[in-house]
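*Asks:* If you scroll down you'll find the structure; I have some questions about it.
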Amino acid sequence: MRYITIVLCIATLTACKKPAEQVADIAVEEVYGKEHHYDTLLPDSTSQQTAATSLQIFSYTDELCQYKGYYHPENISLQEIEGAFTLWRDHSGSIESPGVFHLRNLHQIREEKDNYLNRISKQYQEARKKLTGLTLPKDPYWHTIHKTDLQELEDYYELVSTEAKAFTRPEILKTSRFNTQCAEYADALTGGKEHLLKVWETHVQSQGLNNADPERLMQNFRAESQSTAYLDYAYINLITFGWGNCANDQIKRASRDEAMNRKFEALFTRVETVECDEP
């Protein structure tokens, strides 16, 4: 009778399975589809059954699509995926710039400078806390991006706080480490009128090289430089568009490119596109 039982079980393998094994088969089919079931899960492999049935889902979006990423929690944690996602899609902590483009903005930042500095200090602290609190995958790539983002945050905070102070005290630009490359603007704002106007005009001419209407820029310069408020106009042009842009160009930023997309997708066993909007 013993030999007959063995033969019957081989002939009807599914019927001899325990209920728990049948449930595991159904779970794998739901994740992989029936066509992948026997490639992924062998009937005699308990470890493969456990790995397949422990798949978790991380749902996320980019500019156009929604996705589901399937991952093994024994290989990577949810916190590590969330940390990488923050660097990839949500890395920037918002620190507002002074936004001085017109005389009214200049007057406002001068009147509200202390409030503005307190506000961006809080924004900086919150952004830094968020970044330093991330849990990241073991891949050194993500730790390099993390280090770059932290330095970017430090640099940008120094830039906007220095810029805000300079609208009242332009000499402060000379104490910034960004001034190594941007000294011409600080020198012009702390020198005599003749030198100021010369640097200002040269700056407007350089802006005209990348502008569709350079003559309009020169007309604005002539009108503003002859105005009784010429010094205020000079502050706007040489701090916001001169020193500020020069300093901003010195900040190193991580590239959010296709390489980072691939690195993020590589965290998962597979990624499924759920839905996409029209581009």
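The values are calculated or read from the model by the stated rules, or taken from the named source; none is laboratory data. Since we're looking at a predicted model, the values are computed, not measured. Cβ placement follows ideal geometry from the backbone for every residue including glycine, while neighbour counts extend to all protein chains displayed.
*Asks:* Output the qualifying pairs, or none if there are none: Cβ atoms under 7 angstrom, residues six or more apart or on different chains, first residue in the range 144-156 and in contact (Cβ under 8 Å) with a residue 12 or more places away in the chain and in a helix (DSSP H, G or I), second residue of a type in the set (Val, Ile, Thr) and surrounded by fewer than 20 Cβ atoms within 10 Å (Cβ to Cβ).
*Replies:* Pairs found: Glu152/Ile251; Asp155/Ile251; Tyr156/Ile95; Tyr156/Ile251.
*Asks:* Can you confirm whether Gly133 is more than 18 Å from Asn248 (Cα to Cα) and outside the structural domain of Leu189 (by TED's automatic domain parsing)?
*Replies:* So Gly133 fails the test.
*Asks:* Failed condition for Thr86, given (1) assigned to a helix (DSSP H, G or I); (2) under 15 Å from the mean Cα position of the chain (by Cα); (3) assigned by TED's automatic domain parsing to the domain that holds Lys174, with all others met?
*Replies:* (3)
*Asks:* Go through the range 230-264 and give me each residue that's surrounded by 13 or more Cβ atoms within 10 Å (Cβ to Cβ), among the charged types (D, E, K, R) and not assigned by TED's automatic domain parsing to the domain that holds Phe178.
*Replies:* Residues satisfying the conditions are Arg253, Arg256, Lys263.
*Asks:* Report whether or not Ile251 is part of a helix (DSSP H, G or I) and β-branched (Val, Ile, Thr).
*Replies:* no
*Asks:* How many residues, within the range 202-213, are surrounded by 15 or more Cβ atoms within 10 Å (Cβ to Cβ) and either over 34 Å from the mean Cα position of the chain (by Cα) or not hydrophobic (A, V, I, L, M, F, W, C) (or both)?
*Replies:* Number of matching residues: 3.
*Asks:* Conditions: (1) assigned to a loop (DSSP other than H, G, I, E, B); (2) modelled with pLDDT under 95. Val31 meets all but one. Number of the miss?
*Replies:* Evaluating Val31 over (1) assigned to a loop (DSSP other than H, G, I, E, B); (2) modelled with pLDDT under 95 leaves (1) as the failure.
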